[in-house]
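**Student:** One structure, as structure tokens, below. Some questions next.
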Amino acid sequence: MSMFDLTGKVALVTGGTVGLGAGMATALAEAGADLVLVTYTDNDPTMKNAAEAMGRRCHVITADLSKEEQLPSVVEQAIAAFGHIDILVNNAGIIRRAPIAEHASQDWHDVINLNMNTVFFLTQLVGRHMIERGSGKVISVASMLSYQGGILVPGYTASKHAVAGLTKAFANEWASKGVNVNAIAPGYMETRNTAPIRADSERTDSITARIPAGRWGQPEDLGGPVVFLASQAADYLHGHVLNVDGGWMAR
């Protein structure tokens, strides 16, 4: 089990105080990692308190990750807090729903900016630090919509296809430099982002019927996969998109 031990590692998790981000951050802390959590407006101390109760250090940074000019400061603050970054989890993202014919241009640009551009630029910044140190793990959050078209979410679909592609592009260049770049593609998860879908009982039932596991995922379902990808056990894994979907893609 020592292969999965993250003691002494520092994990930077965007959107790490709620939802999937909190689920993954909790698992990383349980495996021994100290945390730097980036949040937009959420001042809920629950995640920080939980990490510190485990004996982990936890530093919270408030930033608007959609603004490229704020990204260098996020990286600088993380390194200033704990000296280095071993793990980057690109989790922060948004979704905007509307029929394609009526989809507002601002919604398109907002989603593409945070879900794709921020992933590229933040990975680039943290990756430079990892390359200098000769090691690092980058884990981005993709989606089932990295493979499918979805309904009412063209910007989200485009951005998540991009996350899968960027994962492979970064891996091609950085695998030889000691940096692993992979992604997790969650299936249908019970989070704030899926609340509008879950409010439609007919659609919820049709989705659940297609999931072989017979249920929607929970944030903690990403815990094992993120620890694996962040650990020594995944040292020879590069450019992989790991589906955590209850069997959705196998159906």
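**Student:** Among the numbered criteria (1) in contact (Cβ under 8 Å) with a residue 40 or more places away in the chain; (2) under 22 Å from N117 (Cα atoms); (3) surrounded by fewer than 19 Cβ atoms within 10 Å (Cβ to Cβ); (4) within 17 Å of the chain's Cα centre (by Cα), which one does G165 miss?
**Tutor:** So G165 meets the others, but not (1).
**Student:** Would you mention how many residues in the stretch 8-31 are open to solvent by 10 Å² or more (accessible area, probe 1.4 Å) and on the phi < 0 side of the Ramachandran plot? Spell out how you get there, then give the answer.
**Tutor:** Of the residues in the stretch 8-31, the ones open to solvent by 10 Å² or more (accessible area, probe 1.4 Å) are 8-9, 15, 17-20, 22-23, 26-27, 30-31.
Retained after the next criterion (residues that are on the phi < 0 side of the Ramachandran plot): 9, 17-18, 20, 22-23, 26-27, 30-31.
Result for the stretch 8-31: 10.
**Student:** Taking the criterion of being open to solvent by 20 Å² or more (accessible area, probe 1.4 Å), of a type outside the set (S, T, N, Q), under 14 Å from G239 (Cα atoms) and part of a loop (DSSP other than H, G, I, E, B), would at least one residue in the stretch 174-187 satisfy it?
**Tutor:** Checking the stretch 174-187: at least one residue is open to solvent by 20 Å² or more (accessible area, probe 1.4 Å), of a type outside the set (S, T, N, Q), under 14 Å from G239 (Cα atoms) and part of a loop (DSSP other than H, G, I, E, B).
**Student:** Another question, then. Taking the criterion of being surrounded by fewer than 22 Cβ atoms within 10 Å (Cβ to Cβ) and within 20 Å of the chain's Cα centre (by Cα), would at least one residue in the stretch 83-93 satisfy it?
**Tutor:** Looking through the stretch 83-93, at least one residue is surrounded by fewer than 22 Cβ atoms within 10 Å (Cβ to Cβ) and within 20 Å of the chain's Cα centre (by Cα).
**Student:** Could you list, in sequence order, all residues of the stretch 193-251 that are hydrophobic (A, V, I, L, M, F, W, C), open to solvent by 30 Å² or more (accessible area, probe 1.4 Å) and closer than 24 Å to M47 by Cβ? If you could, list the steps in order and put the result at the bottom.
**Tutor:** So in the stretch 193-251, the residues hydrophobic (A, V, I, L, M, F, W, C) come out as 195, 197, 199, 207, 209, 211, 213, 216, 222, 226-230, 233-234, 237, 241-242, 244, 248-250.
Filter once more, keeping what is open to solvent by 30 Å² or more (accessible area, probe 1.4 Å): 195, 199, 209, 213, 228, 233, 237, 242, 249-250.
Answer for the stretch 193-251, where residues must be hydrophobic (A, V, I, L, M, F, W, C), open to solvent by 30 Å² or more (accessible area, probe 1.4 Å) and closer than 24 Å to M47 by Cβ: A195, F228, L242.
**Student:** Right, another one. Given the condition under 17 Å from the mean Cα position of the chain (by Cα), at pLDDT 95 or above and among the charged types (D, E, K, R), answer yes or no: does some residue in the stretch 45-68 qualify?
**Tutor:** Yes, the conditions are met somewhere in the stretch 45-68.
**Student:** Quickly run through the stretch 136-154 and pick out the residues that are surrounded by 20 or more Cβ atoms within 10 Å (Cβ to Cβ), farther than 13 Å from A185 by Cβ and without any contact (Cβ under 8 Å) to a residue 60 or more places away in the chain.
**Tutor:** Result: G136, V138, V153, P154.
**Student:** Now for a different question. Taking K168 as the residue in question, decide whether it is within 23 Å of V18 (Cα to Cα) and assigned to a helix (DSSP H, G or I).
**Tutor:** Taking the combined requirement at face value, the residue does not satisfy it.
**Student:** For L152, only one of the following conditions fails: (1) under 21 Å from H109 (Cα atoms); (2) within 17 Å of the chain's Cα centre (by Cα). What is its number?
**Tutor:** L152 satisfies every listed condition except (2).
**Student:** Kindly provide the set of residues from the stretch 32-65 that are open to solvent by less than 10 Å² (accessible area, probe 1.4 Å), in contact (Cβ under 8 Å) with a residue 40 or more places away in the chain and either farther than 11 Å from G16 by Cβ or not in a strand (DSSP E or B) (or both), ordered by number.
**Tutor:** Selection gives A33 alone.
**Student:** So which helices (runs of 4 or more DSSP H) stay within the stretch 190-251 end to end and still have 1 or more residues that are in contact (Cβ under 8 Å) with a residue 60 or more places away in the chain and in contact with a Lys or Arg (Cβ under 9 Å, 6 or more places away or on another chain)?
**Tutor:** The helices (runs of 4 or more DSSP H) meeting that bar are 195-198, 223-230.
**Student:** A92 is checked against (1) in a helix (DSSP H, G or I); (2) in contact with a Gly (Cβ under 7 Å, 6 or more places away or on another chain) and fails just one. What number does that condition carry?
**Tutor:** (1)
The values are calculated or read from the model by the stated rules, or taken from the named source; none is laboratory data. Bear in mind that the values here come from a model prediction, so they are computed numbers and not experimental data. Positions of Cβ are generated from backbone atoms using ideal geometry, with glycine treated the same way; all protein chains shown enter the neighbour counts. Accessible surface areas use protein heavy atoms only, side chains included; no ligands, DNA or RNA. Shrake-Rupley method; radii C 1.70, N 1.55, O 1.52, S 1.80 Å.
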